[in-house]
1. What are the residues in region 227-261 that are modelled with pLDDT of 95 or more and open to solvent by 90 Å² or more (accessible area, probe 1.4 Å), if any?
2. In region 12-33, which residues are closer than 17 Å to Gln123 by Cα, touching a residue at least 60 places away in the same chain (Cβ under 8 Å) and assigned to a loop (DSSP other than H, G, I, E, B)?
3. Can Met52 be described as in contact with a strand residue (DSSP E or B) (Cβ under 7 Å, 6 or more places away or on another chain), part of a loop (DSSP other than H, G, I, E, B) and open to solvent by less than 50 Å² (accessible area, probe 1.4 Å)?
4. Residue under question is Arg37, and the condition is that it be over 17 Å from Glu182 (Cβ atoms), surrounded by 14 or more Cβ atoms within 10 Å (Cβ to Cβ) and touching a residue at least 40 places away in the same chain (Cβ under 8 Å); does it hold?
5. Go through region 118-232 and tell me which strands (runs of 3 or more DSSP E), entirely inside it, have 3 or more residues that are closer than 22 Å to Cys32 by Cα and not hydrophobic (A, V, I, L, M, F, W, C).
6. Exactly one condition in (1) under 22 Å from Leu176 (Cα atoms); (2) in contact (Cβ under 8 Å) with a residue 40 or more places away in the chain; (3) touching a strand residue (DSSP E or B) at 6+ places or on another chain (Cβ under 6 Å) is false for Ala64; which is it?
7. Specify the residue that is least open to solvent (accessible area, probe 1.4 Å); the eligible residues are those in region 155-168 that are out of contact with any helix residue (DSSP H, G or I) (no Cβ under 6 Å at 6 or more places or on another chain) and of a type outside the set (Gly, Ala, Ser).
8. Any idea which of Arg95, Arg89 is open to solvent by 40 Å² or more (accessible area, probe 1.4 Å), under 13 Å from the mean Cα position of the chain (by Cα) and free of Cβ contacts under 8 Å to residues at least 40 places away in the same chain?
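The values are calculated or read from the model by the stated rules, or taken from the named source; none is laboratory data. These numbers come from a predicted model, not from an experiment. As a convention, Cβ positions derive from the backbone with ideal geometry for all residues, glycine included, and neighbour counts pool all protein chains shown. These accessible areas exclude ligands, DNA and RNA; they are computed on the full protein's heavy atoms, side chains included. Shrake-Rupley method; radii C 1.70, N 1.55, O 1.52, S 1.80 Å.
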Amino acid sequence: MERLNNRAVNEMRPLEFVLNVAPHATASVLCCFGNTRVICAVNIEEDVPRWMKAQKVEGGWLTAEYAMLPYSTLERKKRDSAAGKQDGRSVEIQRLIGRSLRAVMDLDALGPRTVWIDCDVLQADGGTRTASITGSAVALAIALNRIMAKGLITQNPMRQLVSAVSVGKLNGTPILDLCYEEDRDAEVDMNVVMTEGGQYVEVQGSGEEAVFTAEEMAQMLSLASQGIAAITRAQKEAIARADSPTEDDFNSLKDFFAGLK
């Protein structure tokens, strides 16, 4: 099957992590899946939500917020604040991000702290939720390494990395990492969240006016597993260079800010 940009069915879009794009955050990453670009920022607050204090819940908490900026889509998207409430899709995605990251966290080891994860979509071309989870995991790992280096915690609460990728069935063929046009036309659309150890955190899949067999589902999950393995390698490389950036990192950051002008 011929795909856009001549990609193979098991080939992902170019994946890039641009580090330290939000200087005031504890850690931040611009996660790029092809033309989908999401800023994932982590702030760690030395306090816990009121409900934890009231219920005397030990440990810390992690929560996420997600938003698509007005200029992230071809047609301007109205801000949630202008509408007076968040749209249902944004709420569903930020809950998914939070669940995915909490699945690999030891919140007791975090101590009485709150991890805030903010995901802002700069450009949407399919897979904004998978990019948000993937980039947030990188930013979270970097942030925790930084507070460990300061002696605020003695052990890393993040047990392993987590990431996500989309798969689907287009023209009868299972494919990996769908861009917008492929997602729009796919008979089946699925988002898969997995740990670096290969365990599933969440699988969201549905037929778009179509059905799929157990064999096709197995093929899509196999593609997702291949994609997660490649993503995990890239995540680890980004985390390793977070506080010792290379010339490529400086150039990527320079290009990012140049693009904001």
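1. Across region 227-261, the qualifying residues are Arg233, Lys236, Glu237.
2. Arg13, Val21
3. No.
4. Here the answer is yes, as Arg37 does meet what is asked.
5. Because the criterion is at least 3 residues that are closer than 22 Å to Cys32 by Cα and not hydrophobic (A, V, I, L, M, F, W, C), the strands (runs of 3 or more DSSP E) in region 118-232 that meet it are 162-170, 188-195.
6. Answer for Ala64: the failing condition is (1).
7. Top of the filtered list is Gln160.
8. After applying the criteria, what remains is Arg95.
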